[in-house]
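The values are calculated or read from the model by the stated rules, or taken from the named source; none is laboratory data. Here the structure is a predicted model, which means the values were calculated and not measured. Just the protein is used for accessible areas: all its heavy atoms, side chains included, with ligands, DNA and RNA removed. Shrake-Rupley method; radii C 1.70, N 1.55, O 1.52, S 1.80 Å.
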Amino acid sequence: MMNKFALKFACGLILITGLTLLVLAITGNHKKPRNIVRDYSVVPEGFAEQQKLANSNSSESFTGTVIMPTIDEISVHGNMEGGMAEIEKFMKDRTNGLNYIYKKFQKQNPGFEGSLSLDVTIDVCGDVVGMTEIASTTGYPRFNNEVKSSLSRQKYPKTTQGHYTLSFTLKFVNQVPVSEKGNVKPLPQSPADSVAEN
């Protein structure tokens, strides 16, 4: 009984659908798909200014760099077992991380530069146990704090003789002087701070 009812219902539904389509076809009352044509030759208003702003904030507009201290510019106080060459290599390996911080702040304050002098005290495991800002000409305490935070997370050369302190100055220059170009590493392509090495 149910099968006959279902069969009649299906036939009726098909008949109604067919009649509806036939009426729509005769009257032309059905919707045709719209053809949307976009004119890509027209530049939206303000687009050029937005592109210029985006380009000015790109990595290509960053002309500065951090100049790391050389062996002669680093003072060591206390018991450090490794040689000065090890310290200099450690400092140069931090260049990309510090350049990333400088690049970020220079976007907000184009052309800013300066120097930051620090005393960093390291324990036997190579961890920072103290950091003192001796002098700064950057004019941006937030920038200085981010640089110090980055340096304090690093693993420094170890010692078995107790703590030692490094005294040095970082120079952040907007235009790299010709005499310093040999001391400059390539600018970072990704926001990767230097990873602490054991």
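Pairs with C-alpha atoms separated by more than 26 Å, drawn from the list Lys104/Lys158; Lys92/Lys158; Lys103/Lys158; Lys107/Lys158, are Lys104/Lys158; Lys103/Lys158; Lys107/Lys158. Three principal axis extents of the range 85-131 based on alpha-carbon atoms, in descending order, are 40, 21, 15 Å. Ranking Lys92, Lys107, Lys155 from most to least accessible surface, computed with a 1.4 Å probe over the protein chains only, gives Lys107, Lys92, Lys155. Computed from phi, the 3J(HN,Hα) profile of the range 160-170 under the Karplus parametrisation 6.51, -1.76, 1.60 (θ = phi - 60°) reads 10, 9, x, 6, 9, 10, 9, 10, 7, 10, 9 Hz, with x in place of Gly and Pro.
Can you pull the semi-axes for the range 98-171, root of five times each eigenvalue of the Cα gyration tensor, sorted largest first, whole Å? Don't jump to the answer; show the numbers that get you there.
Working: eigenvalues 141, 29, 14 Å².
Semi-axis lengths for the range 98-171 are 27, 12, 8 Å.
Sorted largest first by accessible area at a 1.4 angstrom probe radius, with every protein chain in place, the residues Thr165, Thr20, Thr65 fall in the order Thr20, Thr165, Thr65.
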